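Accompanying notes for the structure given below.
Every number in this text was worked out from the coordinates using simple rules, so none of it is lab data. Just so we're clear, the structure is a prediction, and the values are computed from it rather than from any experiment. Heads up, the Cβs are rebuilt from the backbone with ideal geometry, glycines too, and the neighbour counts pull from every protein chain shown.
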Amino acid sequence: MSAVRLLPPDRFFDRAEWSAITTASRWRGPWLVAHAWIVSIAAVGLAAWSGNPAAWLLAVAIVGGRQLGLAILMHEAAHGLLHPNRKLNNFLGQWLTGAAVGSDLIAYRTYHLQHHKFTQQPEDPDLSLSKPFPTTRASLGRKALRDLTGQTFFKQRAAQFGFALKGLKAMLRGEQVEKGRASTKAGTPFNKQSDDGMTSPTIDVAGAMTVARSVGRFLVVQGVLLAASLALYGWTPYLLWLAGLATTFQLYLRVRNIAEHACTTTGSDDPFTHARTTYAGWIARATVAPYWVNFHAEHHLFMGVPCYRLPAVHAMLGRQGKHDAMTIAPGYAAVLRRVTAKG
């Protein structure tokens, strides 16, 4: 296997700078989690209170961006960057972020670290996400339509619940797996989108049981949200949350996945070429690029840096003349033009 070459931090930082930039804050991670929930609850609550269909559509657009934000913050927790206390970091990543969008922190962490180890190499488990590009505008348009009409969501959830049922049956039969074992592929089908909107790995019994637990947490969170919605405003807030999860979240997730690695260099041993940084205005930050996820090249160069410090790393690389060696896009529209150059 051809693991990617790591950059020694002392090429860019002295010891004190590196310690400061990689030390997770005790309050910023929890605040970002709270922010995602506050914005989501305010968006669906105000839209329900207004009774205006235009406000409902706006709420679905906003809440999809914060749902992607929760997925991004689970990614932070997978790197241990959401809080310096490991137990609190994992609780935030498992229950308050990952469970809301149907992902399992531990399985995702196992899978995702393989992606970092072999980024854009043949062994990269995410290579299938970038391999189909460039594609045609018509092809990407069809995928976006499937996302916005809920087809991607229902296809993913049907597969996820099918795996969960197998896992639940194994649990009821009393089957045992090695403690701490997590199937690498158990984290893949429900937080990443392949060319057809869905990855379909073979999941073993351990993986199916992991998926079952993940679905259990997902249903618990959905039940809490539904109960709160019914107690305060009726069905409307929860239905708006669910609509965002089924539509805009799926589209934003696709665009985010595309922007990170599509049409970057494959098989290169130069770590500056493995991922793309995309400049994001306020609309992009509210939708496809929450919580500094657009600084993806910097994240791959220094994956121990919390998301809120990636802009500082980007500026530092610029001062050292490294931007020319990186793949940097002026915006998400430019990325979509680049990846639909075929034909």
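Structure summary
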quantity: Rh (Kirkwood; distinct C-alpha pairs) - the chain, Å; calculated: 20.7
quantity: Cβ-placed point charges (K, R +1; D, E -1), dipole of the range 192-331 about Cα centre in debye, nearest 20; calculated: 440
quantity: Computed over the range 203-255, Cα set: Rg, Dmax in Å; calculated: 14.2, 42
quantity: Global geometry of the range 284-343, whether rounded, prolate or oblate, following the gyration tensor of its Cα atoms and the 1.5 cut on a/c; calculated: oblate
quantity: Violating pairs (Cα-Cα greater than 31 angstrom) within the set Lys87/Lys322; Lys87/Lys143; Lys322/Lys342; Lys131/Lys169; calculated: Lys87/Lys322; Lys87/Lys143; Lys131/Lys169
quantity: Dimensions in Å of the range 131-181 - Rg and Dmax from alpha carbons; calculated: 17.7, 50
quantity: For the chain, size of Cβ-based charge dipole, Lys and Arg +1, Asp and Glu -1, in debye; calculated: 400
quantity: With eigenvalues of the C-alpha gyration tensor scaled by 5 and rooted, the range 1-97, Å; calculated: 36, 15, 13
quantity: In Å, descending, principal axis extents of the Cα set of the range 197-343; calculated: 55, 40, 39
quantity: Partners for Lys166 among aspartates and glutamates (Cα-Cα distance below 17 Å; same-chain residues under 8 apart left out); calculated: Asp104, Glu175, Asp204
quantity: Positive-end residue, the range 250-343 charge dipole about Cα centroid, Cβ charges, pick of His300, Pro271, Ala329; calculated: Ala329
quantity: Axial C-alpha extent at least 20 Å, average Kyte-Doolittle at least -0.5 - helices from the chain (DSSP); calculated: 28-50, 53-78, 151-172, 205-232, 248-261
quantity: Whole-number percent relative contact order across the chain, with pairs defined as alpha carbons under 8 Å at least 6 apart; calculated: 25
quantity: Cα convex hull volume per residue for the range 55-152 (Å³); calculated: 122
quantity: Calculated on alpha-carbon atoms, Rg and Dmax of the range 82-122 in Å; calculated: 12.0, 35
quantity: Cβ-based charge dipole, the range 195-343, positive-most Cα from Tyr238, Leu219, Val205; calculated: Tyr238
